[in-house]
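Following: one structure in structure tokens, then a few remarks.
The values are calculated or read from the model by the stated rules, or taken from the named source; none is laboratory data. Bear in mind that the values here come from a model prediction, so they are computed numbers and not experimental data. With ideal geometry, Cβ positions are generated from the backbone for all residues, glycine too; neighbour counts draw on all protein chains shown. Each accessible area value is taken on the protein alone, full model and side chains, heavy atoms only, with ligands, DNA and RNA left out. Shrake-Rupley method; radii C 1.70, N 1.55, O 1.52, S 1.80 Å.
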Amino acid sequence: MLFGTPLNEFLVIVLGGIFAGVIGSLTGLGGGSVLVPVLTIFYGVPIDFAIGASLISTIATSAGSASTYTKKGIANIKIGVGLEVATTLGAVVGALTFILVTRQHLEWVLYLLFGLVLLSSLIPTIQRGKYEFPEAKMPDFTSRAFQLTGRYTDDRAKKTVTYTGVRWWLGEIIMFFAGLLSGLLGIGSGALKVLGMDWAMNLPMKVTTTTSNFMIGITAATGSSIYWYAGYISFFLAAATAIGVLVGSRVGSHVLMKISNKEIRWIFFAILSFLGIDMLFKGIRQGNIFDLQKRLTGLLSFSIAVGVSILMILLLYLYTKRGVSYSGGNITKTD
Amino acid sequence: MEEISQKLINIVSIILKGAVFLSMGSIIIGVILLFVKNGGDGYSLQTLANYSNYSVAKSYSSSIFSPAKIPYGIITLDPIGFISLGLWVLIFTPVSVLFTSLVDYIYNKNKLYVVLTFMVLFNLFTAIFIIPSFVHL
């Protein structure tokens, strides 16, 4: 026992879940991306169970937030269901790969991959919100065939936005990988889902994020049932994290609506990049890559992770600021 | 342009909200019982809470409690029964959402989306009912 009695232990995990939920929703990355590193780095949870607990908690947060967005009619259920064909297939492949990897005791691969995925999903997440409405593209064959049209009322812009999606096939391909990562790493892989719908299918940002939220639950449920039977869901852990992450994401979304100074999000991005780098190092140490197991001590990798993450986020911050000022501070695309 | 049925949206929203309440309620009852009874499903609390020891955690995790044991667990006020019910409600929430939209597509004669929803349901059911028999230890 790390924290004394089982009751203390439980409450501390709930707190960790709340922390993960708050940061996950403030940054838009989702609770799982924060929960897995927090559980493995600070609580000493084996990554297999951290991933299992995270995956099932992701369904709760997705259902919790999606109920609000679907009611407002922003999330496009039809487009979401269509893309789920690929994500659920990906989730099955991902969950089976996870079982294969853990039975071969190759957990270091999971750490390494988790670190890489977390770090690479930071950039599209930071870029998100710089532009809200994509430039209209000519509808293609799939726009009509798969009924990729829809509309919603934008409260802030006070207008009804009509949109048409394109390149359904490319969206499906990206969604397969989003599902794969979800099943393999226990995350919602919202960043990749957004990439698929925003970049590939040219849907408005609001539709993309809310539909992605709705989809995450279906994808995570597919993986969770396989995890259940294979025995990667600890009752004690999963009960604590499901409660914690749900509460945390609720708090996070309320805070997000209230904070006027969006700059504060950069602190959270710095925390996320630290977690990503630390996971990467954990993978390198455990896998003994470059024979670094002895030389790269916990303290050393911790310090390097802190330093690199501060530097990285500072550079990204300056880069993003510059990008925005070129376009006159508007929410238009800047490339 | 085809409208997204407002009724569908409302039902989906209600299902999602209800499922979260039911699931969280069940998990919380389970956790309270777990601490009151100092264990569950015949295992001590110390054993169930020992997540940092890999082999102990693996031996007393979800694979020991198949969903078929949930009804008996609920009747006997077993903590693991309640926690499992909460977690399985979460897993089945998306399934019910998919069924609702399937009904809507059938009603609106949207053949393509009936087929697509069936494909998603097929993947989900494969994951829930077929694959487990291969991965069970």
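Of note:
- For beta carbons closer than 7 Å, sequence separation of 6+ or different chains, a first residue in the stretch A:3-27 that is touching a residue at least 40 places away in the same chain (Cβ under 8 Å) and farther than 25 Å from B:Gln46 by Cβ and a second that is open to solvent by 10 Å² or more (accessible area, probe 1.4 Å) and outside any helix (DSSP H, G or I), the qualifying pairs are A:Gly24/A:Gly30.
- Residue count for the stretch B:41-78 under the criterion of being touching a residue at least 12 places away in the same chain (Cβ under 8 Å) and at positive phi: the result is 2.
- Residue count for the stretch A:173-189, restricted to those that are among the β-branched types (Val, Ile, Thr) and closer than 21 Å to A:Ala66 by Cα: 1
- Matching helices (runs of 4 or more DSSP H) fully within the stretch A:15-108 where at least 3 residues are within 13 Å of another protein chain (Cβ to nearest Cβ) and either open to solvent by less than 10 Å² (accessible area, probe 1.4 Å) or under 30 Å from A:Thr142 (Cβ atoms) (or both): A:47-72, A:77-103
- Residue satisfying condition, being crowded, with 19+ Cβ neighbours inside 10 Å and facing another protein chain (nearest Cβ under 9 Å), within set B:Tyr60, B:Tyr54: B:Tyr60
- Total residues in the stretch B:93-115, condition open to solvent by 20 Å² or more (accessible area, probe 1.4 Å) and either more than 10 Å from chain A (Cβ to nearest Cβ) or among the aliphatic types (A, V, I, L, M) (or both): 11
- Evaluation of B:Thr47 against (1) facing chain A (nearest Cβ under 8 Å); (2) open to solvent by 30 Å² or more (accessible area, probe 1.4 Å); (3) outside any loop (DSSP other than H, G, I, E, B) (one fails), failing number: (1)
- Filter result for the condition that a residue is surrounded by 21 or more Cβ atoms within 10 Å (Cβ to Cβ) and facing chain B (nearest Cβ under 7 Å), over A:Leu272, A:Leu246: A:Leu246
- Of the helices (runs of 4 or more DSSP H) that lie entirely inside the stretch A:150-236, those containing 1 or more residues that are in contact (Cβ under 8 Å) with a residue 12 or more places away in the chain and either within 11 Å of another protein chain (Cβ to nearest Cβ) or among the hydroxyl-bearing types (Ser, Thr, Tyr) (or both) span A:168-185, A:205-230.
- Residues (in contact with a helix residue (DSSP H, G or I) (Cβ under 6 Å, 6 or more places away or on another chain) and either surrounded by fewer than 18 Cβ atoms within 10 Å (Cβ to Cβ) or of a type outside the set (Gly, Ala, Ser) (or both)) located in the stretch B:116-136: B:Leu116, B:Thr117, B:Met119, B:Val120, B:Leu121, B:Asn123, B:Leu124, B:Ile128, B:Ile131, B:Pro132, B:Val135, B:His136
Residues checked against (1) farther than 16 Å from A:Ala239 by Cα; (2) touching a helix residue (DSSP H, G or I) at 6+ places or on another chain (Cβ under 7 Å); (3) not small (Gly, Ala, Ser):
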position	(1), (2), (3)
B:Gln6	yes, no, yes
B:Val31	no, yes, yes
B:Phe35	no, yes, yes
B:Ile70	no, yes, yes
B:Asp78	no, no, yes
B:Ser84	no, yes, no
B:Ser96	yes, yes, no
B:Lys109	yes, no, yes
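- Residue within the stretch A:3-19 that is closer than 26 Å to A:Leu272 by Cα and either hydroxyl-bearing (Ser, Thr, Tyr) or in contact with a Lys or Arg (Cβ under 8 Å, 6 or more places away or on another chain) (or both) present: no
- Residue count, the stretch A:159-186 (criterion: open to solvent by 10 Å² or more (accessible area, probe 1.4 Å) and farther than 17 Å from A:Gln147 by Cα): 9
- So B:Ser66, is it among the polar types (S, T, N, Q), within 30 Å of A:Gly73 (Cβ to Cβ) and modelled with pLDDT of 85 or more: no
- Residue identified as farther than 22 Å from A:Phe236 by Cβ and either within 10 Å of another protein chain (Cβ to nearest Cβ) or in a helix (DSSP H, G or I) (or both) among B:Leu22, B:Leu90, B:Leu16: B:Leu16
- Near pairs, Cβ below 8 angstrom, 6+ apart or cross-chain, from the stretch A:105-121 (within 15 Å of A:Gly186 (Cβ to Cβ)) to any residue that is among the aromatic types (Phe, Trp, Tyr) and assigned to a helix (DSSP H, G or I): A:Leu110/A:Phe98; A:Gly115/A:Phe281
- The lone criterion from (1) within 26 Å of B:Phe129 (Cα to Cα); (2) at the interface with chain A (Cβ under 8 Å from one of its Cβ atoms); (3) open to solvent by less than 20 Å² (accessible area, probe 1.4 Å); (4) not small (Gly, Ala, Ser) left unmet by B:Val31 is number (1).
- Condition broken by B:Asp78, with the remaining ones in (1) at the interface with another protein chain (Cβ under 10 Å from one of its Cβ atoms); (2) at pLDDT 90 or above; (3) surrounded by 23 or more Cβ atoms within 10 Å (Cβ to Cβ) satisfied: (1)
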